[in-house]
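Read the structure below first, then the notes.
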Amino acid sequence: MPLLSAHQLSVSKRDRLLFDEINISVSAGDLMYIKGPNGAGKTSLLRVLTGLVNADSGSVAYRGQNIMQNRETYQSDLLYFGHALGINRSLNPLENLMYWCCQHNVMTTKNAIYDILSVLGLVGLEDVPVSNLSAGQQRRVALARFWLKTAATVWILDEPFTALDVQGIALLNTRIIEHLQQGGCVVMTSHQALDVDYPTKELQLEYRI
Amino acid sequence: MRIALKAIFARDLALAYRQRSELMQPMMFFILVISLFPLGIGPNPATLQKVGPGVIWVAAILSSLLGMERLFKDDYNDGSLEQIMLSATPLPFVALVKVFTHWLTSIVPLLLLSPLLALFLNLTEPMYWALLSTLLLGTPLLSLVGAIAVGLTLGLNRGGVLLALLLLPVFIPLLIFATAAVEAASLQLPYTAQLAIIGAMFLISLALAPFAIAYALRVSQN
């Protein structure tokens, strides 16, 4: 059975049909890469897959069960990384991650977060307000979630590589591969060519007028 | 779930502390309005006593409207709201905790200031106790109902005016009963009936508003 599947999805925004009759099936270990020009509806598709937005028609299922009916089971296994990072600028990285972990029922300790932040190259910045960090560093703070929520099987990533430097991209790529090898699945969009040594499934969205 | 809700409470408290200056705005507005009134309408104690309760309540409603947008706006803009909605914690409880924290940080200071302001407006002691009890029962209602409207106007860039227009008619009954209670207290009459009505409105909103807020927040993501 596929982990995540979508059946006959269609979404329109402001009277423009973004896509229709999209079928997706992602199994454990699959890396799905959604391509398409700006405005083609990649983000909208991902948000429908997370359950944040309702599709005009069609349904999404996690392990064969509709996600709208089993929101809690799905969401405890889901990790979504969107355009908005979900990091508060007045709080420091440590606080942001601690509160996030508590909200998502992730058991962790301060030391574990310190370790992850040092892997991400943020040593010494743990208690600086996020507003004082650079764009790339802010994204790295948000990326720490991939190391924290290890129970998540479904990863949905919207442009995760934006504003990251070469090292950051390599770090994230390694983490993605590791996750796939542990039986997770990844659905992602990216404008950069995907530089991973792993078989990918591709889905091309067209810009419609 | 309890851990998650505690974390949301702690986070909002920490944020309120970091953004003190933003929190001060409604409070300053409240103090300014009330301290300008005696200057504007003259220092006659009888007149002040007559308009006092109404002035305090109107100022409380307007200043709570002023600070209301803070409730979800930042979380909506920086994506924290998305992340909260994608956690397995039930959204109505999250909404309730956020509204409670907001009430605690932005309205309770107003209540603490109210004895001083009651003195400005020459309220008698029974009037003050009536005023305080209506405020205690009525302001959580303001926050709960206000949060629904905040949720509905999240997607708009300048939702503030619309927010006020949506909410003012809803707050009018509350204003009428609250000032009637204080008026009754000034005549040494019992005012439990008015309090009971405000209390009933508060309980209804406490039971239903969290679900409405949760729904409004889900709609805002579309």
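The values are calculated or read from the model by the stated rules, or taken from the named source; none is laboratory data. These figures come from a predicted structure and were not determined experimentally. A quick note on method: Cβ atoms are made from the backbone with ideal geometry, for glycine too, and the neighbour counts reach across all protein chains shown.
Which one is surrounded by the fewest Cβ atoms within 10 Å (Cβ to Cβ) among residues in the stretch B:73-99 that are within 16 Å of residue B:156 (Cα to Cα) and facing chain A (nearest Cβ under 9 Å)? Explain how you work it out, then say what you get.
From the stretch B:73-99, those within 16 Å of residue B:156 (Cα to Cα) are B:73-79, B:81; that's our starting set.
In the following step, the residues that additionally are facing chain A (nearest Cβ under 9 Å) were identified as B:74-79, B:81.
Working: B:74: 17, B:75: 25, B:76: 20, B:77: 12, B:78: 18, B:79: 19, B:81: 25.
The qualifying residue surrounded by the fewest Cβ atoms within 10 Å (Cβ to Cβ) is B:77.
Could you check the stretch A:52-91 and list, in sequence order, the residues that are assigned to a loop (DSSP other than H, G, I, E, B), touching a residue at least 24 places away in the same chain (Cβ under 8 Å) and more than 8 Å from chain B (Cβ to nearest Cβ)?
A:55, A:56, A:63, A:64, A:77
Quick check on the stretch B:48-61. Is at least one of its residues at pLDDT 90 or above and closer than 30 Å to residue A:89 by Cα?
Yes, because at least one residue in the stretch B:48-61 is at pLDDT 90 or above and closer than 30 Å to residue A:89 by Cα.
Filtering the stretch B:166-221 down to residues that are touching a residue at least 12 places away in the same chain (Cβ under 8 Å) and polar (S, T, N, Q), which residue is nearest to residue B:56 (Cα to Cα)?
B:179
What are the residues in the stretch B:1-14 that are in contact (Cβ under 8 Å) with a residue 24 or more places away in the chain, part of a helix (DSSP H, G or I) and not acidic (Asp, Glu), if any?
So in the stretch B:1-14, the residues in contact (Cβ under 8 Å) with a residue 24 or more places away in the chain come out as B:1, B:4-5, B:8-9, B:12-13.
Still in the list and also part of a helix (DSSP H, G or I): B:4-5, B:8-9, B:12-13.
Within the stretch B:1-14, B:4, B:5, B:8, B:9, B:13 meet the criteria.
Would you mind finding the one in B:164, B:181 that is closer than 29 Å to residue B:37 by Cα, modelled with pLDDT of 90 or more and part of a helix (DSSP H, G or I)? Full working, then the answer.
Details: B:164 fails: modelled with pLDDT of 90 or more.
Answer to the selection: B:181.
Is it the case that some residue within the stretch B:185-198 is modelled with pLDDT under 90, surrounded by 13 or more Cβ atoms within 10 Å (Cβ to Cβ) and more than 15 Å from the chain's Cα centre (by Cα)?
Yes: one or more hits.
Report the residue count in the stretch B:32-51 for those that are closer than 17 Å to residue B:115 by Cβ and of a type in the set (S, T, N, Q).
2
Where in the stretch A:122-209 are there strands (runs of 3 or more DSSP E), lying fully within it, with 3 or more residues that are under 20 Å from residue A:85 (Cα atoms)? Quick ask: steps written out before the conclusion?
Values: elements: A:154-158, A:185-189, A:201-204.
So the answer is A:154-158, A:185-189.
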